[in-house]
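These notes concern the structure reproduced below.
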Amino acid sequence: MAAYRADEDYDYLYKVVLIGDSGVGKSNLLSRFTRNEFSLESKSTIGVEFATRSIRVEDKIVKAQIWDTAGQERYRAITSAYYRGAVGALLVYDVTRHVTFENVERWLKELRGHTDSNIVIMLVGNKADLRHLCAVSTEDAKAFAERENTFFMETSALESMNVENAFTEVLTQIYHVVSRKALDIGGDPAALPKGQTINVGGKDDVSAVKKVGCCNA
Amino acid sequence: MYGTQSKRDLALELQAQIPFLRPSIHARRANITVKFQDLYGFTVEGNVDDVNVLNEVREKVREQGRVWWALEASKGANWYLQPQIASISEGIALKSSLKLSSLANAITLKKLIRKGIPPVLRPKVWFSLSGAAKKKSTVPESYYNDLTKAVEGKVTPATKQIDHDLPRTFPGHPWLDTPDGHATLRRVLVGYSFRDSDVGYCQGLNYVAALLLLVMKTEEDAFWMLAVLLENVLVNDCYTNNLSGCHVEQRVFKDLLVKQCPRYALVYEEFLDIYV
């Protein structure tokens, strides 16, 4: 697992989860975004893995801690830990397998049941490079996303299409949600000291700011 | 996670296949990467310094092998497979059956195993000491063949997930990632999914079964190793429908961490949010 480095320079740390059926390409989306790698010989994920990458949003450095897990049904039993503190989610389906799109509704229900209502969700139709095998129309997915009030993008981890955009959009939206929330309670997000985690989810979310400190804990 | 880790473990147990390299200082400077297959067919890649470390490990494994052979010579072939020693190792020996010599042998064996079992002996030692041999002996000889025949062509959620995972289990492996490797792994996993419908198939078992196939040499022995692991060796319900055994283990780990390393526990709690 990725080690936490206290000295890293960032302003905000956001936890983002990847969810969706087995084999839709969650792990390759993660490796494309965090390491710019894609593996045709991909391995099935077991348990939970995560990776991080920092990007610039407006004038701030935002560090995304992205969690990836096995897609098999029974692994959903570990969700309380998986979803805890998540402020963003990419709900992934495979555009070539309609059943993975049908299951999106269940994933969404699960996600909403475990996270704060402010969580930023993006519906992601992955494997968009396989156009000739496409089994889920863009219109259907778009309509679903509008109805459920989530963002939507079609991506290809293989061709590196929209992967960057999808993650950046989610992180930017989180940044805005968090700023708005912080403003609502009268705080200036820019004034928050470095190294603090902004947590818009979880039961302990009273002030929208959760103090996390390694060295002063 | 598991896959990577196992690969690394296997890599550390490198055997004769490794080219024995003595890199010059120049080579070291050049940071040349070396690529080769370990004894289970996994590709190991590293720079010359890594290979030097691996060579040292290999030498230790060889030394350990010599200890096994020496004991075999003095105590007799397969001394470690005597049922009495196995049962003491399992901690289920009856007091009346306890002989001092068996006890001494059991202690010796435990120490030996902890230092590593030579790869050629692993199929034998694992099969006997895990209880797999005993498990197999309680059913008719034809059990595994009958089972695989009976389930042929059946489609269940488990078989669907297995089929999905076969090409994603150690992809690129010279045998596992071939039609024959896929078919063999499939028979073991599908067979087991019908043997225990509470477990069925859980993602992750693909890696366990694949490694067992590589070590055990025969498909049937790999099947029984999988069975004994899931049914006797591991915590109950590690792989069942809600992974409850897994939750128990995490909980116990968390409690132990809080008790033994409270400062680490605090850091984990706050940064990784990893606990259930």
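Structure data summary
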| item | result |
| --- | --- |
| Interchain or long-range residues, amide H under 5 Å from A:VAL92's placed H | A:ILE19, A:GLY20, A:VAL124 |
| Packing rank of A:50-58, B:167-175, where each peptide gets the mean count of other beta carbons within 10 Å, highest leading | B:167-175, A:50-58 |
| Two-site FRET efficiency, A:THR172 against B:LEU100, from Cβ-Cβ distance with R₀ of 56 Å, rounded to 0.05 | 0.15 |
| DSSP-defined beta bridges in the range A:12-185 - what % are antiparallel, rounded to 5 | 35 percent |
| Residue-averaged beta-carbon neighbours from other chains (10 angstrom radius) around A:17-27 | 1 |
| Length-normalised contact order for the range A:12-118 - Cα pairs under 8 Å, 6+ apart - percent | 37 percent |
| Listed pairs A:LYS43/A:LYS109; A:LYS26/A:LYS63; B:LYS35/B:LYS136 exceeding 29 Å between Cα atoms | B:LYS35/B:LYS136 |
| Reciprocal of mean inverse Cα separation for the range B:121-197 (Kirkwood radius, Å) | 14.0 Å |
| Modelled FRET efficiency - R0 22 Å, B:GLN37 with B:THR178, Cβ distances, 0.05 increments | 0.90 |
| Listed peptides B:150-156, B:56-62 by packing density, highest first (mean Cβ within 10 Å) | B:56-62, B:150-156 |
| Averaged over A:38-48, number of beta-carbon atoms from partner chains that fall within 10 Å | 6 |
| 10 Å Cβ neighbours from other chains, averaged over peptide B:241-254 | 2 |
| Residue order, fewest to most surrounding Cβ atoms within 10 angstrom, among A:SER27, B:SER101, B:SER244 | B:SER101, B:SER244, A:SER27 |
| Gyration tensor verdict on the range A:46-142 (Cα atoms; rounded if a/c is under 1.5, prolate if a/b is larger than b/c, oblate otherwise) | oblate |
| Euclidean distance between Cα centres, the range A:10-77 to the range B:128-157, Å | 38 Å |
| Local electrostatic count, B:HIS182, Cβ distance below 11 Å [Lys/Arg +1, Asp/Glu -1] | -1 |
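A short reminder: the numbers here are calculations on the coordinates, not readings from a lab. Fair warning: this is a prediction, and the values are worked out from it, not measured in the lab. Please note: Cβ atoms are built from the backbone with ideal geometry, for glycine as well, and neighbour counts cover all protein chains shown.
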